[in-house]
Amino acid sequence: MPISTTLKFENIEFLALEGKFMVKCSKCSERAVIRLRYARLNLCKKHFIEFIENRFIKLSMKNKLFEKVGKALVAVSGGKDSVTLLHLMSKAAEYFGFEIHGLTIDLGIGHDYSRKSIEASLKNFEMLKIPYTIFSLKKHYGFTIDDIASYGREAGIKKPVCSVCGTIKRYIMNKVALDVNADVIVTGHNLDDIVQYVLSSVYSGRIEDIVRLSLKTPTRGKLIGRAKPLAYFSEKETLTYVILKKLPFNYDVCPYYRPRSFHEKIKKISNELEETVPGSKITLIRSFLEKIQPALEAKYSFSTWKLRECKLCGMPTTGEICSFCKIRLAMENIVKR
Ligand code: SF4
Ligand code: ZN
Ligand code: ZN
């Protein structure tokens, strides 16, 4: 991806890498390549990378994300966010002294999408010498996300592909975390994802979803805890990080991704607000995660819902049969034909 002159984003600007004018880095005399308006800094390549890596460690420490963690499972899809996450987690693992294990799920999507995602993930695991698992949905359960998209309705699956895919990914992440004895599952949700999620959940009053959204959830029996250490990093920062570090990542968008117009509008409005008030996204999420969510959790306590073991697979669920087994059973009849 060529970075040339002044690619301007809402809160970050690439400052004329090849341009005629020169903006100096706020920390040294080198040419700045990026402006972080929320931090009031212009940074050269070296100082941008250093800033992101130090900020990741500081925020992880402040939010106690890896306290008592012996091993973290890092979910990597091969996109910019999860590739950034993997590299930052590798720094954090060294700093805090825990192990990491990478996981990429081969979902069987599109002609090329899954292949490219796996290739990018593999390159990064190998570059960082991180042990990893590539978990094939087809090999383990006999179907793919493409099969769900083609035959799901016929099999009686009424939910949209992305919702089914989300259930499958959560199940596999938990299963692999148990297999490799990880204490926490780390995912690459970024600031923009979380802003969209919070605003759309508040708009439609989905209290259950709002309460569940947290930087860190504890392990409950066989349900391994989760952490979202990229919650305060924008997608522009993760994109800049992978580009400046020349990391392999999959640029393609999943063929099943359907931007919802309401979500797109929220994105546009939050970007406009960020343009006028730099740092407003971070402030919104900080207020939400540190003040509103804990207050709501104390009132609604969805986290105390009783978990039992799925009758079929033994994994944690609130019903008799877990959502994943329901999908697996429905697809079994179709793929057998
Ligand atoms: Fe799965 Fe939808 Fe994401 Fe594609 S866009 S990987 S189908 S959740
Ligand atoms: Zn510098
Ligand atoms: Zn099950």
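The values are calculated or read from the model by the stated rules, or taken from the named source; none is laboratory data. Keep in mind that what you see is a predicted model, and the values were worked out from it rather than measured. Backbone-built Cβ (ideal geometry, glycine too); neighbour counts: all protein chains shown. Remember, those area values only see protein heavy atoms, side chains included, never the ligands or the DNA or RNA. Shrake-Rupley method; radii C 1.70, N 1.55, O 1.52, S 1.80 Å.
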**Complete:** segment 39-68 and segment 165-229 have their Cα centres apart by a whole-number Å value of 22
**Message:** 7 Å from Cα along Cα→Cβ at both residue 128 and residue 329: what's the point-to-point distance in nm?
**Reply:** 3.8
**Item:** Near-label residues of segment 240-265 by backbone N, under 17 Å of a point 7 Å along Cα→Cβ of residue 159
**Value:** 256-258
**Cα-Cα over 32 Å, subset of 80/159; 64/116; 139/236; 62/138; 71/139; 91/306** = 64/116; 139/236; 62/138; 91/306
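With the other protein chains left in place, how much accessible area per residue, in square angstrom, belongs to the chain at a 1.4 angstrom probe?
51
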**Complete:** By the C-alpha gyration tensor axes a ≥ b ≥ c (rounded if a/c is under 1.5, else prolate when a/b exceeds b/c, else oblate), the shape of segment 63-296 is rounded
**Fill in**
For the chain, the dipole about the Cα centre with charges only on Cβ (Lys and Arg +1, Asp and Glu -1), to the nearest 20 debye, works out at 380
**Asked** Angle, helix 261-276 long axis vs. longest principal axis of the chain, Cα atoms, 0 to 90°, nearest 10?
**Response** 30
**Message:** Cut-off under 17 Å on the C-alpha distance; same-chain residues fewer than 8 positions from residue 326 excluded. Which aspartates and glutamates are left, in chain and number order?
**Reply:** 147, 154, 309
**FRET efficiency estimate (nearest 0.05) - Cβ-Cβ, residue 68 to residue 119, R0 56 angstrom** = 0.95
**Message:** Tell me the angle of helix 235-244 to the major Cα principal axis of the chain, expressed in degrees between 0 and 90 and rounded to the nearest ten.
**Reply:** 70
**Request:** Over the chain, with every protein chain in place, what whole percent of the accessible area is carbon and sulfur at 1.4 Å, could you tell me?
**Result:** 54
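When the gyration tensor of segment 181-223 is built from Cα positions, what are the square roots of 5 times its three eigenvalues, in whole Å, from largest to smallest? Mind showing how you got there, number by number?
On the way: eigenvalues 113, 38, 6 Å².
Rounded to whole Å, the semi-axes are 24, 14, 6.
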**Prompt:** For the chain, which span is the longest to avoid every loop-located (per DSSP) member of GluC sites (Glu not before Pro) having at most 15 other Cβ atoms inside 10 Å?
**Reply:** 155-319
**Fill in**
On the formula 1/(1 + (r/R0)^6), with r taken between the Cβ atoms of residue 94 and residue 139 and R0 of 25 Å, the FRET efficiency rounded to 0.05 is 0.15
**Request:** Select from 294, 93, 213 the residue farthest towards the positive end of the dipole of the chain; place +1 on Cβ of Lys and Arg, -1 on Cβ of Asp and Glu, and compute about the Cα centre.
**Result:** 294
**Eligible aspartates and glutamates near residue 216 by straight Cα distance, threshold 15 Å, same-chain separation 8 or greater** = 67, 183, 290, 297
**Request:** DSSP loop (so not H, G, I, E, B), at most 13 other Cβ within 10 Å: list which trypsin sites (Lys or Arg not before Pro) in segment 36-70 pass both filters.
**Result:** 40, 64, 68
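Is segment 42-109 best put as rounded, prolate or oblate by its Cα gyration tensor, with a ≥ b ≥ c the root eigenvalues, rounded for a/c under 1.5, and otherwise prolate when a/b is larger than b/c, oblate when not?
Cα axes put segment 42-109 in the oblate bin.
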**Message:** Just to confirm the number: angle between the C-alpha axis of helix 45-62 and the first principal axis of the chain, 0 to 90 degrees, nearest 10?
**Reply:** 50
**Fill in**
Packing-ranked peptide list from 184-191, 322-329, 139-146, highest mean Cβ count within 10 angstrom first, is 184-191, 322-329, 139-146
